[in-house]
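The values are calculated or read from the model by the stated rules, or taken from the named source; none is laboratory data. Because the structure is a prediction, the values reported are computed rather than measured. Here Cβ is always computed from backbone atoms with ideal geometry, including for glycine, and neighbour counts include all displayed protein chains. In case anyone asks, the SASA skips ligands and DNA or RNA and just uses the protein heavy atoms, side chains included. Shrake-Rupley method; radii C 1.70, N 1.55, O 1.52, S 1.80 Å.
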Amino acid sequence: LAQLGTSEEGLAPAEASARLARQGPNALPAPPGRSVVRMLASQFTDVMILVLLGAAGVSLAIGDATDAVAILAIVVLNAVIGVVQEYRAERALQALQAMAAPTAVVRRGGAVDTVPADGLVPGDVVLIEAGTIVPADLRLIDAARVRIDESALTGESAPVEKTIDPLVAPVSHVSDRRNMAHKGTVVTYGRGVGVTVATGPDTEFGRIAALLDGDVTRTPLQRRLADFGRRLAIVVLAICAVVFTAGLLRGEPPLLMFLTALSLAVAAIPEALPAVVTIALALGARRMVQRQALVRRLPAVETLGSVTHICSDKTGTLTYNRMRTERWWCDGVDTGTPGGHGPWERLLLGCILNSDARPQADGTLGGDPTEVALRAGAEAAGLDAGALLSRHPRIAELPFDAERKCMTTVHRDGDRVSAWTKGAAEAVLAQCTREARADGVHPLDLESALSAADRLAADGLRVLAVAERSWDSLPETLSRETLSPDAVERDLTLLGLVGLIDPPREAAADAVATCREAGIVPVMITGDHPLTARAIAARVGIAAAEAPVLTGEEVDALSDEALGERLTRVRVFARVAPAQKLRLVAALQARGACVAMTGDGVNDAPALRRADIGIAMGITGTDVAKEASAMILLDDNFATIVGAVREGRRIYDNVRKFIRYTMTSNAGEIWAIFLAPLVGLPIPLLPVHILWINLVTDGLPGLALAGEPAEPDIMQRRPRPPDESVFAGGMALQIAWVGLLLGGLVLAVQAWATARGLAHWQTMAFTVLCLSQLGNVMAMRSERQSLLRIGLFSNPWLLLAVAVTFLLQMATIYVPALNPIFRTEPLTAGELLVTLVVSSGALMAVEAAKWMRRARES
């Protein structure tokens, strides 16, 4: 109080206003908002988009306004979808943030008043009680049984008992600051008074938020496409130079070769790629919302398909953040289902009587989570809590005290009076001299009781002991005025032990198992106790029961090299501070991992930001965690991530399918024009033919590939290495040979037609190239599975796109008005039949190659 120039009466209102003007509001600095114009401008910074804009300029230069308009339309569509998605996500976050605008009850000038929390200043005296969200960092000066849920900051699910006593020695971890109440935490029990010592960015909450500064990690798909765009730009320039020079050396007209070279350059660019990627991501994001996952940044949908490690917080992510009775020890029996007579009845009765948990209006139990769990456990065993509380009215109590580590309530027990004590096992056992058994009361076997408590604790349970002491009548020492621990909490009879835990979510184990099957390494990083962390990790399958656990202090003691080595073996990290979480994520990334980080607390936010994809909890997550994330789980269900992983892999598969299809098709055009003069044939295609094929075959069929269903084995594959090229897995070789095949089919039909003196040879070559690409797109639906196995109708949009493209190509041949535009002539029935048969060669060849691949692998 003296250091802050205040008193227990609080600051004078005028002084509070002056300090507010000097210190600034008790709020975190708001991130600079992005206007719609800035969002739109950011969509045009990608290399691929710049290449496309160049292609549109070339198209205009050679007089092909249609193709230029098509390219620009695709680029604009890509930008609009990106802006809409980003704008909607930001609006959703603003709505979430608006839900958490707490007020504060302060004492100023001796009067109690309610003020907006952002108006607090250092020196303000703040009153807190159960249900209060702590509005600033407070040094407590009065604490009546105050317990605070600090899980948002520390990851510990059990509320922390607070005191006003000075700390014996400086402590580094937030959970050890027993005389402090931190901004953003929640008071679950009791009431207290604290003096504000830090506000806004100076709070623990604010310091963690400051770690969020820095660039957002680009997704693997963004990195791959940027690299692809740069390489493609070089290839396009090379194509222009080679084709133009080769044509001049052969004596072709310079103007024709210039237009042909530019047309091929435009054709080589898969202008539909940004649209395919954006549409695939947008459709994926839409499916994700239906599955309770809100995507904040569109490319994040695909990133999960590349994830090699999922670093998960424990509390509220893998668990419910809700305590539950797990094990009971009574009468020498260790069980998960309490029940019986004698000491069992007394143990369950004690769990109800020594509890302030009470039913709420909505029918749920309210109060301290530990007491709620004890009462719920007793009721689940068949006891009627309401009737027992009426039959055994409370007449006195000794509140929980951090020094005594126990709580006692005194009740009428028929003609007798009984005191019920519960608390930390070692504290209660130290005051017991007897223990209740089925055949009566016996001297306490302390060694056996301590051994049972140790077994429960070793399983990661929070262990409480319950004991009682009875009197024939109410002694004077048990009156409310004279009740003292020395008089009551001694010579107790032990009834039993209760082990509590924040249980894992029902679907968590299945989700972890699926991740393992998909080759993803799950890692737990939590601020909770090592034993508790290991117990939950063992239950959900992240690590074995005897697996090593690394604490935050041990992480700090390791060099970067040593930490990287430990990360290959350790899957559970406990008592981890925010900066240490950040270091662990960075260490994994340094070893080439693609990291997803899940979490809900403020303490998770820096790591969420640094990770390749941050996934925040939508229900229990703090605003800072949501702001730092790329995806929000609306149902707080870890299992939802599995669906996102599947969706991400499907999207990347479809992007690769499109690239493989469009690049093989474009390569076919290049090979046909480049090789024709070498085999003594005239150039088979005019610039208008190239641009038309590029427009119709890359357009509708290519876009329809974005909706291709997931392949059956998609979740049995290993994750893709984050630095893997988009052409990995033999794609470059396939592009080369399929492209050469397509070019060869064009030249074959051209040679056949010219040898027979057919006047329509160029129309036939034009049609063969167009239709063979339609067969190619059907074959490219899977790298391994046959078209029949996939099912011809499993992607109806692609089937429709192929049909529409076929009709459009037929229109260029048989609609008289289009013949002069496309330099085509109607084909006879025989000529058309030949083109159809030859065009099917691409589909047959690719299917045969897949059959041979399956045969080799089997």
message: Defining a contact as two alpha carbons under 8 Å apart and six or more residues distant in sequence, what relative contact order in percent does the stretch 628-748 show?
response: 48
Potential extension, HIS341-ALA728 segment - 0.36 nm per residue separation minus Cα distance: 132.5 nm
query: Between the DSSP loop rule and a limit of at most 12 other Cβ atoms within 10 Å, which chymotrypsin sites (Phe, Trp or Tyr not before Pro) in the stretch 753-835 are left?
result: PHE793
task: For the chain, report the accessible area per residue in Å² (1.4 Å probe, heavy atoms, rounded to an integer).
output: 40
- prompt: What order, most packed first, do the peptides 490-502, 390-402, 190-202 have when packing is the mean number of other Cβ atoms within 10 Å of each residue?
  reply: 490-502, 190-202, 390-402
- line: On the formula 1/(1 + (r/R0)^6), with r taken between the Cβ atoms of LEU833 and PHE793 and R0 of 22 Å, the FRET efficiency rounded to 0.05 is 0.25
message: Suppose the chain between ALA233 and LEU40 were pulled fully straight at 0.36 nm per residue; how much longer would it get relative to their current alpha carbon spacing?
response: 67.1 nm
field: Efficiency of FRET from Cβ geometry, ALA803 and GLU847, R₀ 22 Å, rounded to 0.05
entry: 0.65
task: May I ask you to derive the relative contact order of the chain, considering only C-alpha pairs under 8 Å and at least 6 residues apart, and to give it as an integer percent?
output: 13
query: How far apart, in nm, are two points set 7 Å out from the Cα along the Cα-to-Cβ line at ARG416 and at ALA380?
result: 2.9
field: Theoretical gain in end-to-end length, SER484 to ASP472 [0.36 nm per residue, Cα-Cα removed]
entry: 2.4 nm
Spatially proximal lysines relative to LYS850 (Cα-Cα < 28 Å; intrachain offsets below 8 disregarded): LYS657
field: Of all accessible heavy-atom area on the chain, the percent that carbon and sulfur account for (1.4 Å)
entry: 60
query: On the first, second and third principal axes, largest extent first, how far apart are the outermost C-alpha atoms of the stretch 273-337 in Å?
result: 70, 25, 15
